[in-house]
Amino acid sequence: MKNCKKIAFVTGGSRGIGKAIVDKLGSDGFIVGFNYVNSEEKAKDFVNELKLKNIDAFCIKFDVGNYEETKNAISKIQSEIGDIDVLVNNAGITKDKLFIRMKEKDFSDVIDVNLKGVFNCTKQVANKMMKKKNGRIINISSISGLIGNIGQVNYSASKAGIIGLTRTLAAELGGYGITVNAIAPGFIKTDMTDTLSESIKEKIINSIPLKSIGYPEDIANFVSFLSSDLGRYITGQVISIDGGLSAI
Ligand code: NAP
């Protein structure tokens, strides 16, 4: 079936920030799709939950770090559902270690998913968006890509890479009516941050000007804004959503 409704696709929508983005864009009226690599049951339950709310939703399993898998999956979506109007590159992993202990694989795995994954997915949608002269690409970077973070040489490099990619792509695609922006979340409550010890969490929260952790919805609300007509004149930007953490 081909659709006349706009389609938003979110990578890594089975949990955390991606899940909140899928939920919000679905409520905004998009047909929403997302992928996952491991959480099959969670992903399918989430699609059913969305359908109960009368949201058109679908999910598909593929690894964003794998170019061929990504190409085949997105091409299947394009032929069975339609062209993607809004792409949110959200999927990400951490493999934290001090540089001195970091193995080459810890570095390349994180770069492959977090940075190359953005290239892989964007590559499959950019042509179609250019032909339509319309599209929104929103990349989830991180405060770690802006100011660095001990133990995250791999992750910080991947997230800083996303910022360079975003700015350059915005310049290349602007003439085709496509906006490309990055969001740099601070400390957001998800599985990714739940693994930190209570004492580290408390220390981080104390250092945040707003003295509170952020929630996935804080990110989702801004993705919704950028995806709507209200965001039409914003491109090439990196927007921090971090309770002021990067401002001090
Ligand atoms: P999360 O709770 O760990 O969820 C990660 C999501 O990405 C899951 O849906 C996971 O799928 C998916 N994913 C992981 N590897 C993938 C791959 N190779 N291919 C496809 N999907 C994959 O993470 P989160 O905290 O929501 O983070 C979402 C994004 O925000 C990430 O890019 C992260 O770096 C960024 N961010 C997070 C924070 C924070 O404080 N949480 C701060 C700054 C930036 P499965 O469920 O199948 O594993």
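Which one is farthest from the ligand (Cβ to nearest atom), of the residues in the range 195-217 that are assigned to a helix (DSSP H, G or I) and open to solvent by less than 70 Å² (accessible area, probe 1.4 Å)?
Restricting to residues being assigned to a helix (DSSP H, G or I) and open to solvent by less than 70 Å² (accessible area, probe 1.4 Å), the top hit is Ser207.
Pairs, please: C-beta under 7 Å, at least 6 apart or cross-chain, first residue farther than 22 Å from Ser207 by Cβ and in the range 217-244, second part of a helix (DSSP H, G or I) and basic (Lys, Arg)?
Partner pairs satisfying both residue conditions: Ala220/Lys24; Asn221/Lys24; Val223/Lys24; Ser224/Lys24; Gly236/Arg167.
Go through the range 166-194 and give me each residue that's within 15 Å of the ligand (Cβ to nearest atom) and part of a strand (DSSP E or B).
Scanning the range 166-194 gives Asn181, Ala182, Ile183, Ala184, Pro185, Ile188.
Output the number of residues of the range 172-186 satisfying the condition of being over 17 Å from Val238 (Cβ atoms) and under 15 Å from the mean Cα position of the chain (by Cα).
Residues meeting the conditions: 0.
State the number of residues belonging to the range 85-116 that are part of a helix (DSSP H, G or I) and in contact with an Asp or Glu (Cβ under 8 Å, 6 or more places away or on another chain).
1
Going by the structure shown, is Lys159 open to solvent by 40 Å² or more (accessible area, probe 1.4 Å) and either of a type outside the set (A, V, I, L, M, F, W, C) or within 21 Å of Leu226 (Cα to Cα) (or both)?
Spelling it out, it is not the case that Lys159 is open to solvent by 40 Å² or more (accessible area, probe 1.4 Å) and either of a type outside the set (A, V, I, L, M, F, W, C) or within 21 Å of Leu226 (Cα to Cα) (or both).
Which residue, of Val47, Val32, is touching a Phe, Trp or Tyr at 6+ places or on another chain (Cβ under 8 Å), part of a strand (DSSP E or B), among the β-branched types (Val, Ile, Thr) and on the phi < 0 side of the Ramachandran plot?
Val32
Give the residues of the range 219-248 that are more than 24 Å from Ile7 (Cβ to Cβ), open to solvent by less than 80 Å² (accessible area, probe 1.4 Å) and assigned to a helix (DSSP H, G or I), sorted by residue number.
Selection gives Leu245, Ser246.
Anything in the range 39-86 that is in contact with a strand residue (DSSP E or B) (Cβ under 8 Å, 6 or more places away or on another chain) and open to solvent by 60 Å² or more (accessible area, probe 1.4 Å)? List them, or say none.
Glu40, Lys42, Lys44, Lys51, Asp56, Lys61, Lys76
Residue by residue, here is whether (1) away from the ligand (no atom under 14 Å from the Cβ); (2) touching a residue at least 12 places away in the same chain (Cβ under 8 Å) holds:
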{"position": "Phe30", "(1), (2)": "yes, yes"}
{"position": "Val37", "(1), (2)": "no, yes"}
{"position": "Glu41", "(1), (2)": "no, no"}
{"position": "Lys44", "(1), (2)": "no, yes"}
{"position": "Lys51", "(1), (2)": "yes, no"}
{"position": "Thr70", "(1), (2)": "no, yes"}
{"position": "Ile84", "(1), (2)": "yes, yes"}
{"position": "Asp96", "(1), (2)": "no, yes"}
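Scan the range 1-28 for residues that are among the basic types (Lys, Arg) and away from the ligand (no atom under 15 Å from the Cβ) and jot them down.
Scanning the range 1-28 gives Lys2, Lys5, Lys6.
The values are calculated or read from the model by the stated rules, or taken from the named source; none is laboratory data. This is a predicted model, so every value here is computed, not measured. Neighbour counts are summed over all protein chains in view; Cβ atoms, including those assigned to glycine, are modelled from backbone coordinates with ideal geometry. For the accessible areas, the whole protein counts, side chains as well, though only heavy atoms, and no ligand, DNA or RNA atoms are used. Shrake-Rupley method; radii C 1.70, N 1.55, O 1.52, S 1.80 Å.
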